[in-house]
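Step one of this worksheet: look at the structure below.
Just so you know, all these numbers are worked out from the coordinates, no wet-lab data involved. What you see is a predicted model, and the numbers here were worked out from it, not measured in a lab. Backbone-built Cβ (ideal geometry, glycine too); neighbour counts: all protein chains shown.
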Amino acid sequence: MSTSEPRIRPVVRAEIPECAAVIRAAFLTVADELSLSPKTSPRFTGFSISEERLYYHFDVEKRPMLALADSKILGYYSLAPLHGGVCEINNLAVLPEFRHRGAGSELLADALSRARGLGATAAEVSIVDDNLRLRRWYENKGFCYIKSEKFLGFAFTCGTMRYELEH
């Protein structure tokens, strides 16, 4: 890490290629750990995220997109409003070489604060059910596991976790 402290700030459009690279790098470690491949799970984020998709989130959906950065982007997430006051935390990612230093916790705390600021009453995140380490991490942050779903294009089951926001 550089001498300047990383900070969370809004993504600017020119950074979208770097954000896509951070997401791919972060999610591909999960693919390796769980033996996922583009053939068995073509819609898994590590294989399917594209700059075009992030440009759509930025330009059309106007999602809040945030980066943890110093001289480069180290982590990323976006927020997507769902129905009934729920906000989805999407693509929360930290470069593998910066994990286990509090970056993920910092991003998650920021996401929950911003979701609350948007008027959400709950925040949800989707995970790979077999990623028990990540599930425990979210549980330790106060999230509850609420459902499992199987989707076309995934060789795994997706789990949804929820955090009830206090106002």
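Here the dipole of the chain is about 100 debye; that uses its Cα centre as origin and unit charges on the Cβ of Lys and Arg (positive) and Asp and Glu (negative). Can you return the lysines within cross-link range of K150? Criterion is Cα-Cα under 26 Å, with same-chain partners fewer than 8 residues away left out. K150 reaches K39, K141. For the chain, the normalised intensity computed at q = 0.09, 0.10, 0.17 Å⁻¹ comes to -0.28, -0.35, -1.11 (log10 of I(q)/I(0), Debye sum over alpha carbons, equal scatterers, no solvent). Inverting the pair-averaged 1/r between distinct Cα atoms of region 31-92 gives 13.4 Å as its Kirkwood hydrodynamic radius. From the residues C87, S113, S48, which one has its Cα farthest along the dipole of the chain in the positive direction, the dipole being from +1 and -1 charges on Cβ of Lys/Arg and Asp/Glu about the Cα centre? So the residue furthest toward the plus end is C87.
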